[in-house]
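To start, the structure itself, in structure tokens.
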Amino acid sequence: MKKIEQAKKRLEDNKQFKVLSILENLMDEKKEQLAKQILKVDFNLINRLYQNKDSKKNKNDKIEPIKYIDKNKLNNKQRQEIEKLGEKVLRQNQYAVVTMAGGQGTRLGWKGPKGTYKLDVGEDGKYIFEILANTLKRTTAKYGKEVYWYIMTSIENNDETINFFEKHNYFGYNKDKVKFFTQNILPLLDFEGNLLVDKNYTIKEASDGNGGVFVALKNSKMIDDMKAHNIKWVYVCGVDNIMANMTDEILLGLAIKNDVSSASKSIKKAYPEEKVGIFCKRNGKPAIIEYTEMDEKMIYAEDENGELLYGESNIVGHLFNIQTLEKMAEYKFEYHCARKKNTFIDSDLKEVIPNEPNTLKFEAYIFDGFEYLNDMVILRVNREEEFAPIKNATGVDSPESAKEIYENFYKKEEKK
Ligand code: UTP
């Protein structure tokens, strides 16, 4: 009983009247459970996050274009030399892939973890996780070594993800090489700053953004695991790009040749106004500038060859050496605020299913870590070969567009 009174006081002090009325309307045993959770909420943090929800990056930042290497423009000799460097690491099994699958995937609207979505390709369709497993199996076939595969989940989707892999026998990938780890969570808020309660009468929480990957790797002891296996390079990418080339010898070879601790992939912006994050330098350090931060002059600026000065879009494929990965876990990441659709219960304990974004989700972004790097290699790759994201239910970056890219690519491969 004492806990319930304490929780009520906390809610009153922090003007969380919506949750307060839900708490008051609940049956006793549920009340106790919710009260316990309320007492664990860091109200100082969530009040601060809400207050800063619209804060933008510093307008006085010095933004400059960043150099990139175009994969298509490497000649055969350069290619071979670079590939050799990358191949050596793969052959020695000193390489790991981290798939970030802790997102909510709200735009796709698929009920389960995004990786369990079945895309209509091949004879019977293929799950996203299956497509990624198949990509890694091709690397195994090439080098005779199975790449270590670490999969980041969230508390919301961890059990379902693991059960799915078990049920499908890891899609023929060596189970011992696959490890799951879970990222941190933060409460969601509505647009007025209220905490939300879900239909299980718990405070609605969600993963803390893909920038949470570094701390999650460290806290789950996955970095120790990587070190124990003598892993030197780690490629971190999203779950939803079904064309991700996760073991790219050229990216790896370029990082080694240029003696940098990190390298990322970009694709050429489709058109100047495209709403994508762009690689640049911010105050002399590698960074991503969001389209909302770019003024008209920047959007259309061209170099002497008529290429956009800010034209390298981020496809969430980042390579780090193990030391850098470990160091990133020590840095402080700011939270950004994303607006997402989430269900919740109202004070009558009825579930509300929104049609429009209704919640603020606070997320750290992986690329904010770039400010701690002195330099990085950016490798421009071909969109039609390496980028088919599944974000939306229809239209751009949807299952339909991903299927088209996937099928075109594999048709061409078969003809080779
Ligand atoms: P997105 O920003 O596209 O978010 O994530 P999302 O949650 O998948 O989808 P929406 O916005 O709700 O529709 C880019 C990548 O980062 C991962 C996602 O799983 C995806 O691979 N991610 C995102 C996490 O692993 N954790 C997070 O907290 C957020």
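Below, the figures for the structure above:
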{"quantity": "Test result for THR202, of a type outside the set (Asp, Glu), within 30 Å of PRO354 (Cβ to Cβ), in contact (Cβ under 8 Å) with a residue 40 or more places away in the chain and within 16 Å of the ligand (Cβ to nearest atom)", "calculated": "no"}
{"quantity": "Residues being farther than 18 Å from THR139 by Cα, away from the ligand (no atom under 16 Å from the Cβ) and under 18 Å from the mean Cα position of the chain (by Cα) - total across the stretch 224-265", "calculated": "2"}
{"quantity": "Test: residue in the stretch 286-306 that is open to solvent by 30 Å² or more (accessible area, probe 1.4 Å), modelled with pLDDT of 95 or more, more than 15 Å from the ligand (Cβ to nearest atom) and within 22 Å of GLU384 (Cα to Cα)", "calculated": "no"}
{"quantity": "Any pair with Cβ under 7 angstrom, 6 or more apart, that starts in the stretch 35-61 at a residue that is of a type in the set (Phe, Trp, Tyr) and open to solvent by less than 80 Å² (accessible area, probe 1.4 Å) and ends at one that is at pLDDT 95 or above and not in a loop (DSSP other than H, G, I, E, B)", "calculated": "PHE43/ARG10; TYR50/LEU189"}
{"quantity": "Subset of the stretch 7-34 [open to solvent by less than 70 Å² (accessible area, probe 1.4 Å) and of a type in the set (A, V, I, L, M, F, W, C)]", "calculated": "ALA7, LEU11, VAL19, LEU20, ILE22, LEU23, LEU26, LEU34"}
{"quantity": "Among residues of the stretch 95-143, those that are among the small types (Gly, Ala, Ser), more than 16 Å from the chain's Cα centre (by Cα) and closer than 28 Å to LYS411 by Cβ, counted", "calculated": "4"}
{"quantity": "Any hit, the stretch 222-236, residues being open to solvent by 10 Å² or more (accessible area, probe 1.4 Å), over 23 Å from GLU87 (Cα atoms) and at pLDDT 95 or above", "calculated": "yes"}
{"quantity": "Matching residues, the stretch 205-221, being buried (at least 21 other Cβ atoms within 10 Å of the Cβ) and either part of a loop (DSSP other than H, G, I, E, B) or in contact with a Pro (Cβ under 9 Å, 6 or more places away or on another chain) (or both)", "calculated": "ALA206, ASP208, GLY209"}
{"quantity": "Test set (1) open to solvent by less than 80 Å² (accessible area, probe 1.4 Å); (2) over 23 Å from the mean Cα position of the chain (by Cα) - LYS73 fails condition number", "calculated": "(1)"}
{"quantity": "Segments classed as helices (runs of 4 or more DSSP H), wholly inside the stretch 247-351, with at least 2 members that are among the β-branched types (Val, Ile, Thr), touching a residue at least 60 places away in the same chain (Cβ under 8 Å) and within 23 Å of GLU83 (Cβ to Cβ)", "calculated": "249-257, 322-328"}
{"quantity": "Tally, over the stretch 212-221, of residues that are within 15 Å of the ligand (Cβ to nearest atom) and out of contact with any strand residue (DSSP E or B) (no Cβ under 7 Å at 6 or more places or on another chain)", "calculated": "4"}
{"quantity": "Qualifying residue in the stretch 350-371 (condition: surrounded by 15 or more Cβ atoms within 10 Å (Cβ to Cβ) and away from the ligand (no atom under 16 Å from the Cβ))", "calculated": "no"}
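Yes or no, residue by residue, for (1) surrounded by fewer than 17 Cβ atoms within 10 Å (Cβ to Cβ); (2) assigned to a helix (DSSP H, G or I); (3) within 16 Å of the ligand (Cβ to nearest atom):
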| position | (1), (2), (3) |
| --- | --- |
| ILE131 | no, yes, yes |
| THR139 | no, yes, no |
| ILE155 | yes, no, yes |
| PHE180 | no, no, yes |
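Matching residues to (1) of a type in the set (Lys, Arg); (2) under 24 Å from GLU363 (Cβ atoms); (3) in contact with an Asp or Glu (Cβ under 9 Å, 6 or more places away or on another chain):
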site: ASN14; (1), (2), (3): no, yes, no
site: LEU23; (1), (2), (3): no, no, no
site: LYS40; (1), (2), (3): yes, yes, no
site: ARG48; (1), (2), (3): yes, yes, no
site: LYS53; (1), (2), (3): yes, yes, no
site: LYS62; (1), (2), (3): yes, no, no
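Residues checked against (1) in contact (Cβ under 8 Å) with a residue 12 or more places away in the chain; (2) out of contact with any strand residue (DSSP E or B) (no Cβ under 6 Å at 6 or more places or on another chain); (3) more than 30 Å from LYS341 (Cα to Cα):
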site: LYS114; (1), (2), (3): yes, yes, no
site: TYR117; (1), (2), (3): yes, yes, no
site: VAL121; (1), (2), (3): yes, yes, no
site: GLU130; (1), (2), (3): yes, yes, no
site: ALA133; (1), (2), (3): yes, yes, no
site: LYS137; (1), (2), (3): yes, yes, yes
site: VAL147; (1), (2), (3): yes, no, yes
site: ILE151; (1), (2), (3): yes, no, no
site: GLU156; (1), (2), (3): yes, yes, no
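The values are calculated or read from the model by the stated rules, or taken from the named source; none is laboratory data. Everything numeric here is computed off the predicted structure, so don't read it as measured data. Note that each Cβ is placed from the backbone with ideal geometry, even for glycine, and that neighbours are counted across all protein chains shown. Keep in mind that these areas ignore ligands, DNA and RNA; they rest on the heavy atoms of the full protein, side chains included. Shrake-Rupley method; radii C 1.70, N 1.55, O 1.52, S 1.80 Å.
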